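A quick write-up on the structure given underneath.
A short reminder: the numbers here are calculations on the coordinates, not readings from a lab. From a predicted model like this one, the values you see are computed outputs, not experimental measurements. Note that each Cβ is placed from the backbone with ideal geometry, even for glycine, and that neighbours are counted across all protein chains shown.
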């Protein structure tokens, strides 16, 4: 909650993608979860917020500008999984972020704490958030710790704000604990200045990423990414 205190102020209307203890801070909130068991626990504890059973991959069903903030704890990374044949992780992520962007008021902020399995999931999540219109970036607490390391996607609506600093950083270089994303694209190049795109490693990595997204990909063979001879 220390990061949330640095990002939000009290007395606002909140959307909570998982239920939690924020009433004491003076917030009015709505809890949204796909698990009936989690919502039952909230009911048993007599929480004061409103609860709703919903799949965030199908979107946030609220009117434009309803909320002043959003908190999510270990939820958004599950949208990277294709649990059904009809599930497309990129589409479900974009559906969530685009409808969340609409439901938040201008100047609102969102903090999504997540546990990505790998850098590909992190790239997919941030790319869809940027595509939906958000600004902001990733903040990492305790980046050098295997157990305490945590990722926070801090998003802003309609404004560009300064990202909070991650906890436990041993150096003052901003790039080690924060990663901003913009509309620009960068081409990675090797030591000779040539683009590594279309190389065998690049192709294999892309195919593996598409498999994790639940897409059909041809099996790897010794001919994968192999250059073909020109036709006469």
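Out of every Cα-Cα pair in the stretch 72-156, what percent are more than 15 Å apart? If you can, show how the numbers build up before the last one.
Numbers: 2061 of 3570 pairs.
Summing the P(r) of the stretch 72-156 above 15 Å gives 58 percent of all pairs.
Which order, highest average first, do 123-130, 203-210 follow once you tally other Cβ atoms within 10 Å for each residue and take the mean per peptide? Numbers along the way, then the final one.
Numbers: 123-130: 20.4, 203-210: 14.5.
My ranking of the peptides, most packed first, is 123-130, 203-210.
Go through 106-116, 76-86 and give me the packing order, highest mean Cβ count within 10 Å leading.
Details: 106-116: 19.5, 76-86: 16.1.
Final packing ranking: 106-116, 76-86.
Would you please give the FRET efficiency between residue 217 and residue 55, computed as 1/(1 + (r/R0)^6) with r the Cβ-Cβ distance and R0 = 41 Å, to the nearest 0.05? Write down the numbers at each step before the final one.
On the way: r = 26 Å, r/R0 = 0.63.
The pair residue 217/residue 55 has a calculated efficiency of 0.95.
If r is the Cβ-Cβ distance from residue 38 to residue 162 and R0 is 35 Å, what FRET efficiency results, to the nearest 0.05?
Approximately 0.55, to the nearest 0.05.
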